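As structure tokens, the structure follows; a few thoughts come after it.
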Amino acid sequence: MIEILNLMLEEVKGRLASIGISLEVSEAVIKLICEQGFDRSYGARPLRRAVTLIIEDVLSEAILSGKYKPGDTAFLDLDQTGNPIVMDQSDKNMYLTDTTSIL
């Protein structure tokens, strides 16, 4: 399942690269996609749906809002409620710092 997910992520990264944007995905997002995309009877079809809902839809909204331009890196992670969010590098550093200070 992880191998199929990695292929799907490379496809998304390739489409983003064509507009000059890089993508990083957290382990928490990968775990969420695997949990929501697993179904023995339907194979990888639910996995594709999970990638679309968790990654592609969220990224599309961020790009259409004008938050990213060529040369930027989008970082996809989960917020405190478990919902996927897209952050830029400065948001990622702030988010990690905030999490570290809580520990």
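The values are calculated or read from the model by the stated rules, or taken from the named source; none is laboratory data. In this text the structure is predicted, and so the values were computed from the model without any measurement. Using ideal geometry, Cβ is built from the backbone for each residue, glycine included, and neighbour counts are taken over all protein chains shown. These area figures cover heavy atoms from the full protein model, side chains too; ligands, DNA and RNA do not enter into them. Shrake-Rupley method; radii C 1.70, N 1.55, O 1.52, S 1.80 Å.
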Open item on the list: With a 10 Å cut-off between alpha carbons and a GNM built on the chain, which of LEU64, LEU76, LEU16 moves the most?
Closed with: LEU64
Task: Estimated FRET transfer efficiency (ASN6, SER41; beta-carbon r; R0 22 Å; 0.05) - done: 0.45
TODO: With 5 Å bins from zero, work out the P(r) of the chain over every alpha carbon pair and list the percent per bin.
DONE: 2, 12, 23, 24, 18, 13, 6, 2, 0
TODO: Please list the non-local residues whose amide H lies under 5 Å from the amide H of THR73, H modeled 1.01 Å from N, same-chain partners needing a gap of 5 or more.
DONE: SER22, GLN89
Task: Relative contact order (%) - the chain, alpha-carbon pairs under 8 angstrom, separation at least six - done: 28 percent
Task: Carbon and sulfur %, accessible surface of the range 1-84 computed with the full protein complex present, 1.4 Å - done: 54 percent
Task: Helix-only [θ]222 nm of the chain, DSSP H runs n ≥ 4, -39500 (n - 2.57) each, per residue, nearest 500 - done: -16000 deg cm²/dmol
Task: Kirkwood hydrodynamic radius over Cα pairs of the range 1-61, then Stokes diffusion coefficient at 20 °C and 1.002 mPa s, in µm²/s - done: 181 µm²/s
- [ ] State to the nearest 20 debye the size of the charge dipole of the chain about its Cα centre, where the only charges are +1 on K and R beta carbons and -1 on D and E beta carbons.
- [x] 300 debye
Task: Of all DSSP beta bridges in the chain, antiparallel share, percent nearest 5 - done: 50 percent
